[in-house]
């Protein structure tokens, strides 16, 4: 039986992307994304903010564009395949790493949308070579602009 895994997050880059090349010359870029969530403590009535960190990996020509165009603090929409990895921290405690292999990354910073930079999407068959980035179809300021989303 076939299975399916897909995850979508919106958050801010926690550090500049780091690009490297595999031994066979394939580019790969890694960065971290912080996703904040505010919840109200039912006992105290105070708002509590929690942050989840995701490690994001991008392959191929999108890896090169990601490394060139994104910087620490950039707000992004990432869609891809999700995986968790367990490891032992320096303090000996077991930890879990939340990792996404990106199929699509959209720069949500208003300046990038105005300049026409936007998405680095994978074609239907996954990551490959040679496809151009997908350009946003809405102009900034449209009625259903991303800034109007309730999350």
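The values are calculated or read from the model by the stated rules, or taken from the named source; none is laboratory data. In this text, all values refer to a predicted model and were calculated from it rather than measured experimentally. So basically every Cβ, Gly included, is an ideal-geometry build from the backbone, and we count neighbours across all protein chains shown.
I'm checking my understanding of the structure. Among residues of segment 18-45 that are touching a helix residue (DSSP H, G or I) at 6+ places or on another chain (Cβ under 6 Å) and more than 20 Å from residue 98 (Cβ to Cβ), which one is surrounded by the most Cβ atoms within 10 Å (Cβ to Cβ)? Walk me through how you get there before you give the answer.
Taking segment 18-45 and keeping what is touching a helix residue (DSSP H, G or I) at 6+ places or on another chain (Cβ under 6 Å), we get 19, 27-29.
Now drop any that are not more than 20 Å from residue 98 (Cβ to Cβ), which leaves 19, 27.
On the way: 19: 16, 27: 18.
Among residues in segment 18-45 that are touching a helix residue (DSSP H, G or I) at 6+ places or on another chain (Cβ under 6 Å) and more than 20 Å from residue 98 (Cβ to Cβ), the one surrounded by the most Cβ atoms within 10 Å (Cβ to Cβ) is 27.
The single condition among (1) under 28 Å from residue 111 (Cα atoms); (2) without any contact (Cβ under 8 Å) to a residue 60 or more places away in the chain that residue 77 does not meet is (2). I'd like to know if segment 120-140 contains one or more residues that are surrounded by 14 or more Cβ atoms within 10 Å (Cβ to Cβ), modelled with pLDDT of 50 or more, touching a strand residue (DSSP E or B) at 6+ places or on another chain (Cβ under 6 Å) and not in a helix (DSSP H, G or I). So far as segment 120-140 goes, yes, one or more of its residues are surrounded by 14 or more Cβ atoms within 10 Å (Cβ to Cβ), modelled with pLDDT of 50 or more, touching a strand residue (DSSP E or B) at 6+ places or on another chain (Cβ under 6 Å) and not in a helix (DSSP H, G or I). Looking at residue 72, is it farther than 17 Å from residue 104 by Cα and modelled with pLDDT of 95 or more? Spelling it out, residue 72 is indeed farther than 17 Å from residue 104 by Cα and modelled with pLDDT of 95 or more. Only one entry in 87, 31, 82 is without any contact (Cβ under 8 Å) to a residue 60 or more places away in the chain and within 18 Å of the chain's Cα centre (by Cα), namely 31. When residue 48 is tested against (1) surrounded by 10 or more Cβ atoms within 10 Å (Cβ to Cβ); (2) at pLDDT below 85; (3) outside any loop (DSSP other than H, G, I, E, B); (4) more than 19 Å from the chain's Cα centre (by Cα), just one condition goes unmet, and that condition is (2).
Inside segment 23-45, residues that are touching a strand residue (DSSP E or B) at 6+ places or on another chain (Cβ under 6 Å) and not in a strand (DSSP E or B) make up a count of 1. In segment 81-103, the condition of being over 23 Å from residue 8 (Cβ atoms), surrounded by 11 or more Cβ atoms within 10 Å (Cβ to Cβ) and at pLDDT 90 or above is met by no residue.
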